[in-house]
1. In segment 182-205, how many residues are surrounded by 17 or more Cβ atoms within 10 Å (Cβ to Cβ), closer than 21 Å to Tyr31 by Cβ and at pLDDT 90 or above?
2. Restricting to segment 36-60, name every residue that is of a type in the set (A, V, I, L, M, F, W, C) and within 17 Å of Ile127 (Cβ to Cβ).
3. Condition first: modelled with pLDDT under 90 and in a loop (DSSP other than H, G, I, E, B). Now tell me which residues in segment 166-181 satisfy that.
4. Among the residues of segment 210-222, are any of a type in the set (Lys, Arg) and surrounded by 13 or more Cβ atoms within 10 Å (Cβ to Cβ)?
5. Being buried (at least 24 other Cβ atoms within 10 Å of the Cβ) and closer than 13 Å to Gln78 by Cβ is the filter; apply it to segment 51-65 and report the residue that is farthest from the chain's Cα centre (by Cα).
6. Only residues in segment 45-60 that are within 12 Å of Leu88 (Cβ to Cβ) count as the first member; pair them with residues that are small (Gly, Ala, Ser), Cβ under 7 angstrom, at least 6 apart or cross-chain, and list the lot.
7. May I ask you to list the residues in segment 125-139 that are at pLDDT below 65 and charged (D, E, K, R)?
8. Can you confirm whether segment 152-159 contains a residue that is part of a helix (DSSP H, G or I), surrounded by 15 or more Cβ atoms within 10 Å (Cβ to Cβ) and in contact (Cβ under 8 Å) with a residue 40 or more places away in the chain?
Amino acid sequence: MAMMAENYASLAKPTVLIVEDEAPLLTLLRYNLEKQGFRVDEAADGQEALLRVAEARPDIMLLDWMLPALSGIEVCRQLRRRAETRDLPIIMVTARTEDQDAVRALDIGADDYIAKPFAIEHVIARIRALLRRSGRVASKGTLAYADLAMDQDAHRVTRAGRPLHLGPTEYRLLEFFLQHPGRVFAREQLLDAVWGRDIHVEPRTVDVHIRRLRKAINQGDEIDLIRTVRSAGYALDSDPDRLG
């Protein structure tokens with residue numbers, strides 16, 4: 001029973017080991033991954049990465065190619081030689097963009113390859129895809145309300161089958177609303193949920209992104225699914241009479 005509970009915890013909140021010597025990038029990755037529900041461990045060089053894995057094997061490794069002490073390629077090579085880490089999912093991250101570099105990383109044993117600079121959303125999507133393929137995390141599935149549907153795994157949103165194009169903030173706003181349909185949220189609550197408690201953003205910024213979200217999801221004579229509730233905030237609701 002204890003083993004089953006441990007496995008479930010790992011599936012519910014996978015651990016990502018970030019091996020990166022650029023402090024600002026490491027901070028950015030940690031913040032965004034933790035916000036998406038991952039546990040994050042970190043190492044600043046190749047030797048430390050091997051020690052971290054020996055102490056507590058992560059569910060996946062985000063491994064920079066160019067590292068002090070021991071290169072990412074050598075870290076990957078050593079992990080693949082060990083029986084206990086032979087199947088550890090590894091995504092190689094590098095500023096090297098030549099095709100032969102990608103081939104070399106995959107030949108050494110990396111499961112995926114991401115070139116810098118990259119979009120955080122792209123990195124998170126690749127992490128989730130690799131974790132699903134390795135059986136270490138369950139699919140997030142689809143959120144739906146009225147004729148809106150959000151495929152969280154593919155990061156796609158449709159309305160009545162029509163693809164919608166959302167910016168990253170509008171996507172997170174809609175995702176939060178879809179998780180709590182009909183509930184009214186004040187601007188401050190939306191700021192905490194979508195932007196985070198540690199980020200200073202003016203409450204009126206919420207209004208700007210709500211307008212963008214409305215423009216993205218509503219066309220023609222479609223019902224406006226984002227309701228403004230006077231002196232209260234916003235809600236995802238298709239019944240205007242209910243909210244007044």
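1. If we filter segment 182-205 for residues that are surrounded by 17 or more Cβ atoms within 10 Å (Cβ to Cβ), which is where we start, we get 185, 187, 190-191, 193-195.
Those left that are additionally closer than 21 Å to Tyr31 by Cβ: 190-191, 193-195.
Restricting the remaining residues to those that are at pLDDT 90 or above gives 190.
Number satisfying all stated conditions: 1.
2. As a first pass, look at segment 36-60 and keep what is of a type in the set (A, V, I, L, M, F, W, C): 38, 40, 43-44, 49-51, 53-54, 56, 60.
Correct list: Phe38, Val40, Ala43, Ala49, Val53, Ile60.
3. The answer is Leu166, Gly167.
4. Taking segment 210-222 and keeping what is of a type in the set (Lys, Arg), we get 211-212, 214-215.
Now restrict to residues that are surrounded by 13 or more Cβ atoms within 10 Å (Cβ to Cβ): 212, 214.
Yes, that holds for at least one residue.
5. In this case the residue turns out to be Leu63.
6. Close Cβ pairs satisfying both conditions: Ala49/Ala43; Arg52/Ala43; Asp59/Ser10.
7. At the first step, the residues of segment 125-139 found to be at pLDDT below 65 are 136-139.
If the condition is that a residue be at pLDDT below 65 and charged (D, E, K, R), then Arg136 is the only one that fits.
8. No, there is no match, as no residue in segment 152-159 is part of a helix (DSSP H, G or I), surrounded by 15 or more Cβ atoms within 10 Å (Cβ to Cβ) and in contact (Cβ under 8 Å) with a residue 40 or more places away in the chain.
The values are calculated or read from the model by the stated rules, or taken from the named source; none is laboratory data. In this text the structure is predicted, and so the values were computed from the model without any measurement. Every residue, glycine among them, receives a Cβ derived from its backbone with ideal geometry; neighbour counts consider all protein chains shown.
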